[in-house]
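Everything below concerns the one structure shown next.
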Amino acid sequence: QVQLVESGGGLVQPGGSLRLSCAASGTIFSIYGMGWYRQAPGKQRELVARFSSGGSINYADSVKGRFTISRDNAKNTAYLQMDSLKPEDTAVYYCNTKKRSIDYWGQGTQVTVSS
């Protein structure tokens, strides 16, 4: 059974930073890859950053240069370092992985950027 548990969200002022974590069980990120997605109110869920099973990394244009995805293979945990946060980054952030053609999602963590 694959389980993904996100943590690290919260309220931050514009220009601030947060680091999200996604701890996985039942899968191995270094083999299957993973991604961070977000969904703002009234909008579709969108890809923020991901690393593939081959190790390549992709970012949404809106976060390039501000967000960094990383992982700790020993802990089977992925991270999303978010710097220079903007109000438009406000959303629920989800961790995702796909294993044997099945998508798995975490419960999401709220990120609110506001003064």
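Data for the structure
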{"quantity": "Candidates Q44, Q1, filtered to the one that is open to solvent by 30 Å² or more (accessible area, probe 1.4 Å), out of contact with any strand residue (DSSP E or B) (no Cβ under 6 Å at 6 or more places or on another chain), over 12 Å from V111 (Cα atoms) and at pLDDT 95 or above", "calculated": "Q44"}
{"quantity": "Search result, residues across region 25-41 that are farther than 15 Å from Q110 by Cα and either in contact with a helix residue (DSSP H, G or I) (Cβ under 9 Å, 6 or more places away or on another chain) or not in a strand (DSSP E or B) (or both)", "calculated": "G26, T27, I28, F29, S30, I31, Y32, G33"}
{"quantity": "Only one of S70, S62 that is surrounded by 12 or more Cβ atoms within 10 Å (Cβ to Cβ) and part of a loop (DSSP other than H, G, I, E, B)", "calculated": "S62"}
{"quantity": "Output for region 102-111, where each listed residue is over 13 Å from T27 (Cβ atoms) and surrounded by fewer than 16 Cβ atoms within 10 Å (Cβ to Cβ)", "calculated": "Q107, Q110"}
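Yes/no matrix, rows are residues, columns are (1) crowded, with 18+ Cβ neighbours inside 10 Å; (2) aromatic (F, W, Y); (3) outside any strand (DSSP E or B):
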residue	(1), (2), (3)
V48	yes, no, no
N58	no, no, no
K75	no, no, yes
E88	no, no, yes
V92	yes, no, no
T97	yes, no, no
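The values are calculated or read from the model by the stated rules, or taken from the named source; none is laboratory data. From a predicted model like this one, the values you see are computed outputs, not experimental measurements. Ideal geometry is used to build each Cβ from the backbone, glycine not excepted, and the neighbour counts take in all protein chains shown. When the accessible area is computed, the model is the full protein with side chains, heavy atoms only, and any ligands, DNA or RNA have been set aside. Shrake-Rupley method; radii C 1.70, N 1.55, O 1.52, S 1.80 Å.
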